[in-house]
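Note sheet for the following structure.
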Amino acid sequence: MRSIKLASVAALAGAVMLAGCGKKADDVSLKNASVETVANSAKGAVKIEPGQWEMSFLIDKMEIPGMPAGSNPPQQAQKASTCITPEQAAKPAGDLFAGKGAGDCKFDTFTMNDGKMNATMSCKMPNMPGQSKTVMSGNYASTHFDNEVTSTVSGMPGGQTVTIHATSSGRRLGECPAKSG
């Protein structure tokens, strides 16, 4: 369940990074901002290229107190290929920009400039004790992005802290395949 929530946060980070591609005159630098404020500040600079995109997500580290050694084997990256239309490229990931399903989150810091994004986000997740602190960093351009996310959930039962590290990336492969039919 936490992996799915982290995947949502990583997808949000990737979408926000993609939203800022090519933006120079209006670089983004915010503190104590809502997810919606960050999304609105970044989405005016949409410059991703439409076409066939390949995206990858990998949770490469989970530290859960009390978890037996070897019970966290390396995982395969989850990959997906999708066709991004010109309309979608002009307005990427609208649902993610709204932060739906991400819990009660705010960006402590968010900066995006010169093809780089760095952020720290704090969340109070629904139906979970404690809170999470997520640190994101990455690179973006009109044809690719990559990011790294470390999420630490504190205040778990017994005072435990869980840490998850993940990476995601995407790249444009070329034009979308022609539809048959």
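The values are calculated or read from the model by the stated rules, or taken from the named source; none is laboratory data. Quantities reported herein were computed from a predicted structural model and do not represent experimental measurements. Cβ sites come from the backbone with ideal geometry, for glycine too, and all protein chains shown count toward neighbours.
Okay, here's what the table says:
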quantity: Check on Lys106, at pLDDT 70 or above, surrounded by 14 or more Cβ atoms within 10 Å (Cβ to Cβ), farther than 14 Å from Ser169 by Cα and among the basic types (Lys, Arg); calculated: yes
quantity: Residue in region 36-51 that is of a type in the set (Val, Ile, Thr), at pLDDT 75 or above and in a strand (DSSP E or B) present; calculated: no
quantity: Any hit, region 161-175, residues being of a type in the set (Ser, Thr, Tyr) and in a loop (DSSP other than H, G, I, E, B); calculated: yes
quantity: So Pro68, is it modelled with pLDDT under 75, closer than 20 Å to Gln52 by Cβ and not in a strand (DSSP E or B); calculated: no
quantity: Qualifying residue in region 93-101 (condition: assigned to a strand (DSSP E or B), among the basic types (Lys, Arg), over 20 Å from Val28 (Cβ atoms) and at pLDDT below 90); calculated: no
quantity: Subset of region 149-180 (residues that are farther than 23 Å from Pro65 by Cβ and either of a type in the set (Asp, Glu) or more than 14 Å from the chain's Cα centre (by Cα) (or both)); calculated: Arg171, Arg172, Leu173, Gly174, Glu175, Cys176, Pro177, Ala178, Lys179, Ser180
quantity: All positions within region 118-158 that are in a strand (DSSP E or B), at pLDDT below 90 and surrounded by fewer than 23 Cβ atoms within 10 Å (Cβ to Cβ); calculated: Lys124, Gln131, Ala141, Ser154
